[in-house]
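Before any comments, here is the structure.
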Amino acid sequence: MDTRTAAIFSFSNEFGSSPDLIVRAPGRVNLIGEHTDYNDGFVLPMAIDRAVWIALRPRPDRRVRVHALEMRETVEFRLDDLQKGSGWAEYLKGVAWALQEEGLHLQGWEGILSGDVPRGAGLSSSAAVEVAAARAFYALSGLDWEAGRAARLAQKAENQWVGVNCGIMDQMVSAAAVEGHALFLDCRTLDYEHVPLPAGLAVVVLDTSTRRGLVDSAYNERRAQCEAAARHFGVKALRDVSMDRLEVDGQHLPPVVLRRARHIVSENERVLQAVQAMRAGDAIQLGKLFNASHASLRDDFEVTNEALNWMVEIAQSQPGCYGARMTGAGFGGCAVALVDEKSSGEFASAVGAAYKARSGLDAAVYVCKPSAGGSVEQIAG
Ligand code: GLA
């Protein structure tokens, strides 16, 4: 049973009727543009065909009651008395808090949450829960869906309620993507364009099965180093620094900070080039940019681990692979490879076997389809 059906089926079992609504929000894989979002830069993520679904109906009071199928846990909270706790429900409460902080009047609801975005793998399962929750509150409270505003509020929930200092990329792509396309996003203005994935290409996510949480100080340390570099150049964010300027004026920066800045400045350029390559259907050029991005994340930004480097090397050496890189925050989690669609089956098994031989670990491999962002559907009857 797929996750959508499971949510509807369990809803009927629990409440004795069909849900009024079902909302969905996908996880994501970032094609290129890593750690650029909190530098006001460019990113090119893609929503994947794995999502969080919530089947629900309104409640007359101001309570929210959700049963999470995979977690086998029910949580209930009051919109008038939100209290911090721990676990997956914090994403729901955080979104309710952020929406109410914005002055929106919310309606209570009850429902079943089900999802197949792997948790903790760097595929943004938390952003998917947040955006699904935002869609639910928007739909029930009669608010017009605005992807950019909803994504900003979901990010605020994650930053200020959950306490994870992420950028805007994950929530934005989960809210705004369209099927068959990646989302080229300017993280300063939130302007975006949908860029089609060239025909014949498969996007393959390779989970190293190594983990390191985002709450980790390393992510915040990278942010602080980027901010220090921006201060040195007298600009709001590294987005405003060109490669020429970096080479001329960056020499007095501490070497580590200079390397961090060089990653961001070069990565922003790579995103722009990648968008051109995608529009031109140039898989070879796109693959080269993936490889260059990985090298920069490994050597300049230093957010890869051994497992990610192995996985990427193994992927890059397979026939039919145009390029590969780590994706997401790094320090563990997933790599992403761009593969000739016809080779993707063999690619998946060859990479899995070679990775096991080298690391002793089992990789999970997902061939992902570019999917639509958050949606809401009325259920009849
Ligand atoms: C995590 C964060 C994003 C982004 C990436 C790195 O996924 O949630 O905002 O910073 O890391 O590109």
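The values are calculated or read from the model by the stated rules, or taken from the named source; none is laboratory data. Note that the structure is a prediction, hence the values are computed from the model and not measured. Neighbour counts run over all protein chains shown; Cβ positions are idealised from the backbone, glycine included.
Summary table below
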item	result
Some residue of the stretch 242-259 being surrounded by 15 or more Cβ atoms within 10 Å (Cβ to Cβ), modelled with pLDDT of 95 or more and within 19 Å of Val43 (Cβ to Cβ)	no
Residue that is small (Gly, Ala, Ser) and touching a strand residue (DSSP E or B) at 6+ places or on another chain (Cβ under 9 Å), where the choices are Gly360, Gly374	Gly374
Of all residues making up the stretch 47-78, the number that are surrounded by fewer than 24 Cβ atoms within 10 Å (Cβ to Cβ) and more than 24 Å from Ala96 (Cα to Cα)	1
Filter pass, Ala350 being buried (at least 18 other Cβ atoms within 10 Å of the Cβ) and either polar (S, T, N, Q) or out of contact with any strand residue (DSSP E or B) (no Cβ under 8 Å at 6 or more places or on another chain) (or both)	yes
Hey, Ala182 closer than 22 Å to Leu44 by Cβ and in contact (Cβ under 8 Å) with a residue 60 or more places away in the chain or not	yes
Those residues of the stretch 105-130 which are in a helix (DSSP H, G or I) and away from the ligand (no atom under 13 Å from the Cβ), in sequence order	Val129
Within the stretch 151-189, tally of residues that are within 16 Å of the ligand (Cβ to nearest atom) and over 13 Å from the mean Cα position of the chain (by Cα)	15
Verdict on Glu247 being closer than 30 Å to Tyr355 by Cβ and out of contact with any strand residue (DSSP E or B) (no Cβ under 7 Å at 6 or more places or on another chain)	no
Scope the stretch 353-381; condition exposed (fewer than 14 other Cβ atoms within 10 Å of the Cβ) and of a type in the set (S, T, N, Q); matching residues	Gln378
Residue list for the stretch 229-265, filter: closer than 15 Å to Thr36 by Cβ and either aromatic (Phe, Trp, Tyr) or not in a helix (DSSP H, G or I) (or both)	Val235, Lys236, Ala237, Val241, Ser242
Residue count for the stretch 260-276, restricted to those that are among the small types (Gly, Ala, Ser) and crowded, with 23+ Cβ neighbours inside 10 Å	2
Tally of residues being under 20 Å from the mean Cα position of the chain (by Cα) and among the charged types (D, E, K, R) across the stretch 303-312	0
Qualifying residues in the stretch 190-228 (those that are in the same structural domain as Gly332 (by TED's automatic domain parsing), within 14 Å of the ligand (Cβ to nearest atom) and among the aliphatic types (A, V, I, L, M)) - the one farthest from Lys342 (Cα to Cα)	Ala224
